[in-house]
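Structure first, commentary second.
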């Protein structure tokens with residue numbers, strides 16, 4: 001039996017410097033009808049800064065090198081998402097269009113169903129630039145090549161027109177060599193031995209496409225202040241198969257006091273796994289024991305994580321082997337999280353939630369829901385219960401939507417379970433439930449091109465079918481029914497965990513098809529949010545020059 005210590009989890013007000021203004025965008029049209037200036041204004045600016053006095057002199061010398069390495073990841077993601085960045089930006093007709101192009105890493109709006117916003121631009125290829133534009137699924141599936149599903153290969157045509165899998169470290173040889181050298185130089189300034197080892201191994205991984213050793217080293221880091229998440233990591237950009245990982249980077253500075261408090265929750269992961277609301281076979285795996293939670297100020301986003309909607313928490317590594325042995329790390333990006341709460345979630349709640357329930361929308365509940373979303377990525381099954389495949393392999397292109405949906409609903413479940421266990425102190429779960437409901441409207445706006453957007457659409461309609469909320473036809477506001485939402489939460493969690501454990505692709509695809517689109521009534525409510533001028537997301541003013549302003 002896991003020995004548990006009581007933890008009073010009370011958010012005391014983050015010491016976050018919110019230097020970005022939450023300017024309303026004030027569009028009076030639907031997103032499709034906005035001018036390019038209104039599209040640009042629908043993202044609230046936010047400066048990424050932190051207190052650099054917590055860094056030693058040698059750690060401060062690392063930052064310029066890591067900024068440069070991150071920018072290389074940004075350039076690589078442009079190649080994966082669109083192609084020739086310079087050629088595209090040269091076609092921009094205004095500063096507003098340039099901003100929208102940079103936010104979207106291409107001429108397609110990520111938070112508007114990947115609709116093109118430039119003339120003479122066709123549909124966005126589902127496989128981005130990871131596959132030849134003229135490749136058919138039948139051709140790919142008939143191709144007898146084991147490396148074709150490797151997350152670190154580009155699929156191209158050779159001189160004879162045949163498909164060929166080219167490893168990233170060869171396809172991007174010049175870029176990864178430069179990034180690896182910069183990361184090695186940064187490692188030389190690292191005070192913490194764990195950080196130094198990780199950076200050295202990560203530099204080598206970029207040159208070999210073998211990330212296992214660096215992922216293991218990243219899991220072993222405990223005392224570092226600087227963190228640098230870098231490489232081809234997530235599969236969201238590949239909407240054809242969900243196989244290919246896209247390049248990105250985060251540069252982070254740890255809040256040690258917050259991290260020490262949050263890290264205690266990681267000890268409860270095995271207990272949560274055993275308590276999951278599903279049948280025993282679907283919780284038979286046990287997460288690694290080295291999982292931890294940390295809080296950070298993020299000072300740079302690059303590539304995939306910076307495209308469209310901005311990530312506010314991280315759960316890595318994705319390698320099921322590392323998760324089985326060591327678990328995962330959950331990184332809470334508290335300055336970005338606070339920005340989204342202040343600029344977006346609070347205004348949405350004031351517009352969409354019943355007046356007497358708005359008092360329950362609180363930052364500490366938003367923080368908890370987000371944090372335990374990341375914890376929940378480590379719960380359930382990494383492999384199907386028959387042992388033949390990973391869940392990722394079995395669910396293919398549906399995986400990211402189902403996984404994000406699972407993490408969302410299990411994050412809320414985890415808050416309930418920990419409260420039941422006496423681990424969250426004296427709290428009112430209505431805070432978490434109403435904040436969760438308001439958060440659905442925030443994330444549904446990401447659209448059907450986003451795994452997070454589709455996951456929230458599914459949850460909205462599932463909750464609606466279960467009577468978890470009521471909509472007032474006169475005011476257009478929503479009221480949470482606590483008991484019915486709790487029951488709906490348990491049922492949906494069971495369904496998604498079972499679907500993943502069975503590796504049931506057909507059921508996953510059917511669920512997304514039935515519930516992963518916005519219907520008319522919900523669209524009308526989203527239009528009201530747009531009409532109120534509430535930003536759809538944030539964009540970052542970031543880099544050494546902004547950090548120096550602090």
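The values are calculated or read from the model by the stated rules, or taken from the named source; none is laboratory data. Please read all numbers here as calculations on a predicted model, not as lab measurements. No Cβ is skipped: glycine too gets one built from the backbone with ideal geometry, and neighbour counts run over all protein chains shown.
Candidates 506, 549, 545, 513: the one that is within 25 Å of residue 404 (Cβ to Cβ) and more than 24 Å from the chain's Cα centre (by Cα) is 506.
Count of the stretch 310-330 residues, restricted to those that are assigned to a strand (DSSP E or B) and either without any contact (Cβ under 8 Å) to a residue 12 or more places away in the chain or within 17 Å of residue 362 (Cα to Cα) (or both), is 0.
Filter the strands (runs of 3 or more DSSP E) completely within the stretch 439-550 down to those with at least 2 residues that are more than 27 Å from residue 124 (Cα to Cα), modelled with pLDDT of 95 or more and in contact with a strand residue (DSSP E or B) (Cβ under 9 Å, 6 or more places away or on another chain). Give the derivation first.
Details: elements: 469-471, 478-480, 537-541.
Fully inside the stretch 439-550 and qualifying: 469-471, 478-480.
Remark: pairs (first residue in the stretch 391-407, at positive phi and modelled with pLDDT under 95; second residue outside any helix (DSSP H, G or I) and surrounded by 21 or more Cβ atoms within 10 Å (Cβ to Cβ); Cβ separation under 9 Å; 6+ apart in sequence or on different chains) = 396/242; 396/243.
Taking the numbered list (1) more than 28 Å from residue 48 (Cα to Cα); (2) crowded, with 24+ Cβ neighbours inside 10 Å; (3) touching a strand residue (DSSP E or B) at 6+ places or on another chain (Cβ under 7 Å) in turn, residue 402 passes all entries but (3).
Counting only residues that are in a helix (DSSP H, G or I) and under 25 Å from residue 451 (Cβ atoms), how many does the stretch 83-122 have? Full working, then the answer.
Going through the stretch 83-122, the residues in a helix (DSSP H, G or I) turn out to be 85-90, 95-104, 110-112.
Subset that is under 25 Å from residue 451 (Cβ atoms): 85, 88, 99-104, 110-112.
Matching residues across the stretch 83-122 total 11.
Of all residues in the stretch 67-77, none satisfies being on the phi > 0 side of the Ramachandran plot, in contact with a strand residue (DSSP E or B) (Cβ under 9 Å, 6 or more places away or on another chain) and modelled with pLDDT of 95 or more. No other residue among 190, 186 is touching a residue at least 60 places away in the same chain (Cβ under 8 Å), within 23 Å of residue 219 (Cα to Cα), in contact with a strand residue (DSSP E or B) (Cβ under 9 Å, 6 or more places away or on another chain) and not in a helix (DSSP H, G or I) apart from 190.
Only helices (runs of 4 or more DSSP H) whose full extent lies in the stretch 331-392 are considered here, and the ones with at least 3 residues that are touching a helix residue (DSSP H, G or I) at 6+ places or on another chain (Cβ under 7 Å) and more than 24 Å from residue 539 (Cα to Cα) are 363-377.
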